[in-house]
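A quick write-up on the structure given underneath.
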Amino acid sequence: MIGTGVFTSLGFQLIDIQSAPAIMMLWLVGGISALCGALSYAELGAALPRSGGEYHFLNEIYHPCAGFISGWVSATVGFAAPTALAALTFGSYLNSSGLHVDPLWLATLAIVSLTAAHCSNHRRSGETQTSFTAVKILLIMGFSLAALALSPTNKQAEFAWTEDVVATLGSGAFAVSLIYVNYAYSGWNAATYISDELSSPQRSLPWVLGISTTLVAGLYCLLNFVFLTVAPMEAMTGKVEVGVIAAQYAFGPTLGVFMGALLALLLVSTISAMILAGPRVLHRIGQDYPRFAQLAQENQDGIPVTAIAMQSGLALLFLWTASFEQILVFAGATMALNTFATVLGLFVLRWRQPTLPRPFRVSLYPITPLIFLGITGWTLIYIVLQRPLEALICAGIIVSGGVLYLLTRPTTSG
């Protein structure tokens, strides 16, 4: 979860919202939404335990066409695009830290190297991800505490609540900025993509989703509080590398460059997580649709190597052909629509199959899933109103998935 969004989106949020309390509320609301979504997915994952995430859920709840479109969205936007963005941010941070190497080439090297690691075996793949995640959490905590302790200024931003701040919370700018925040939280559902590879998924999945999402929400709020405290808003407005800027204000130019390089290393874990989880969707499509059978190909350790190579290839295509901000907005909107349909499916599944065994039931039902649907739906409405081009791209991806399903669906039933 922790990666591109939290280290880049603050600069875009500050273009329209110059209020520290409103920015902090963005991250708090986004965290609450992600936690409600994670708990809803936990019930679905425990009731329908199989890898594939939304592809599996929508296939079982609605129709194979819905599942296929979801898998198409996950493969093309949900994982490949964020992999490209995380890799490009990694390259940009290293370049801003004095390495002076083209960010595109650094990003390409990161994707290719991690793809090779995850195509080997489960042990090496798991150790790679666990190591990077542990280092990432320690570095964020260390950076935050050191920046607050060593910053030469007491506080750059004002955190006082005023009538203008309260009015901002209901504005279109706040709703659109939530798409950046929701993108930063994307990944809270990643464990459902590898359910088959978890030990006792019906028991462990709720804990994995709930605890990890709560931890990340706390880290995100801490990190953005640090950014706003140690660096002036005008220095970060419209900038991608807000972490490097904050580090330079907190520690000075020399140490700030070093800390910026360390923050860049955090993004390696994000790239790794996307390459690990996303191809399981393509793998499932290959198992279910004979015309895509090659995507189900595995190595001797059961790793879906063809699917991993396919997704990494798509990520490299995004990396070399598209702009950063446009991918960020339409990818965030498309993934939000995907998760909206899935959480809505929780109500459908309870209505259609009330006797289905549910080892875990979402707390405070139906309030918890309704909170997620309300926040996500509100954001999507404002995306359509204020970012029509990105909304059209989102619609085009969904329609193309439906057309592809009609062209490739099995002709016989079995």
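Note down the net charge around ILE179, summing +1 for each Lys or Arg and -1 for each Asp or Glu among other residues with Cβ under 15 Å from its Cβ. Could you put the intermediate results ahead of the total?
On the way: positive: ARG387; negative: ASP16, GLU325, GLU390.
Once positives and negatives cancel, what remains is -2.
Rank the residues PHE143, PHE7 as a footprinting-exposure proxy: fewest other Cβ atoms within 10 Å of their Cβ go first.
Numbers: PHE143 23, PHE7 29.
Sorted ascending by nearby Cβ count, the order is PHE143, PHE7.
Given charges of +1 on the Cβ of Lys and Arg and -1 on the Cβ of Asp and Glu, with all other atoms neutral, how large is the dipole of the chain about its Cα centre, in debye to the nearest 20? Don't jump to the answer; show the numbers that get you there.
On the way: 16 positive and 18 negative charges, 177 e Å.
For the chain, the charge dipole is close to 860 debye.
Could you please state, rounded to a whole Å, how far the C-alpha centre of region 134-188 is from the C-alpha centre of region 352-408?
26
From the Cα gyration tensor of region 278-369, with a ≥ b ≥ c the square roots of its eigenvalues, which class applies: rounded if a/c is under 1.5, or else prolate if a/b is larger than b/c, or else oblate?
Working: a/c = 2.87, a/b = 1.37, b/c = 2.10.
Because a/c hits 1.5 or more and a/b fails to exceed b/c, region 278-369 counts as oblate.
For the chain, find the longest principal axis of its Cα atoms and tell me its angle to the long axis of helix 4-16, 0 to 90°, nearest 10.
60
Can you run phi through the Karplus equation (6.51, -1.76, 1.60; θ = phi - 60°) for region 76-86 and list ³J(HN,Hα) in whole Hz, with x for Gly and Pro?
Listing the rounded values in order: 8, 10, x, 10, 5, 5, x, 4, 5, 5, 5 Hz.
Report, in degrees rounded to the nearest 10, the 0 to 90 angle that the Cα long axis of helix 305-321 makes with the longest principal axis of the chain.
Approximately 40 degrees, to the nearest ten.
Return the Cα extents of the chain along principal axes one, two and three, sorted largest first, each rounded to a whole Å.
Sorted from largest, the Cα extents of the chain read 69, 46, 40 Å.
Counting only helical runs of four or more DSSP H residues, what would the 222 nm mean residue ellipticity of the chain come to if each run contributes -39,500 (n - 2.57) and the total is spread over all its residues? Each step should come with its number before you reach the end.
Working: 18 runs with 305 residues, N = 414.
Helix contribution divided over all residues of the chain: -24500 deg cm²/dmol.
If the only charges are +1 at each Lys and Arg Cβ and -1 at each Asp and Glu Cβ, what is the size of the charge dipole of region 308-413 around the Cα centre, to the nearest 20 debye? If you can, show how the numbers build up before the last one.
Details: 6 positive and 2 negative charges, 105 e Å.
The dipole of region 308-413 has a size of about 500 debye.
In degrees between 0 and 90, to the nearest 10, how far off the longest principal axis of the chain does helix 367-386 point, with axes built from Cα atoms?
Here the helix axis deviates by roughly 70 degrees.
Readers should treat all values here as calculations from the given coordinates under stated rules, not as data from a laboratory. Since the model is a prediction, treat every value here as computed from it, not as a measurement. No Cβ is skipped: glycine too gets one built from the backbone with ideal geometry, and neighbour counts run over all protein chains shown.
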